[in-house]
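Everything below concerns the one structure shown next.
The values are calculated or read from the model by the stated rules, or taken from the named source; none is laboratory data. Fair warning: this is a prediction, and the values are worked out from it, not measured in the lab. A quick note on method: Cβ atoms are made from the backbone with ideal geometry, for glycine too, and the neighbour counts reach across all protein chains shown.
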Amino acid sequence: MKFSTKAEYGLKAMVNLAQCFPDQKSIKEIANQEDISQKYLERLMVTLRNGEVVNSSKGKSGGYVLAKNPKNIPVGQIIELLDGDISPMRCVGKFCAARDKCPSSVVWDEIGIQVKKTVYKIKLSDLIK
């Protein structure tokens with residue numbers, strides 16, 4: 001199972017915001033500090049805003065701020081907002097047409113459950129240095 005750069009960079013940006021919570025930061029500041037393309041980061045932040053984990057304000061002094069305390073934002077939520085459902089195989093869950101005939105589906109389901117449980121147990125606040 002691999003996570004995309006969307007999840008990697010989005011999580012870096014969220015940790016950056018968690019470190020200064022409850023203050024806000026501009027996209028430019030975050031992009032420079034995390035060495036992420038500003039354009040790419042803007043797209044990620046729109047997704048995170050739509051997922052209600054960050055709030056934004058426009059204007060010269062605008063920027064992004066976490067929508068809630070970092071203790072209340074699971075890493076799994078960030079990953080799923082940016083990457084979609086966490087699953088080790090495409091065929092896990094409702095997407096499998098041969099589910100009833102596939103004995104290995106038990107393995108993939110269990111791996112998916114455990115990975116999801118792990119990333120949802122980790123809160124954004126746990127990643128702050």
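Quick notes on this structure:
- For segment 98-112, the candidate set comprises residues that are modelled with pLDDT under 70 and surrounded by fewer than 13 Cβ atoms within 10 Å (Cβ to Cβ); within that set, the residue that is nearest to Lys2 (Cα to Cα) is Ala98.
- Of everything in segment 39-80 that is surrounded by 13 or more Cβ atoms within 10 Å (Cβ to Cβ) and polar (S, T, N, Q), the residue that is farthest from the chain's Cα centre (by Cα) is Ser56.
- Residues located in segment 1-20, provided they are under 30 Å from Asp109 (Cβ atoms), hydrophobic (A, V, I, L, M, F, W, C) and not in a helix (DSSP H, G or I): Met1, Phe3
- Checked against the criteria, Val115 counts as aliphatic (A, V, I, L, M), at pLDDT below 95 and surrounded by 15 or more Cβ atoms within 10 Å (Cβ to Cβ).
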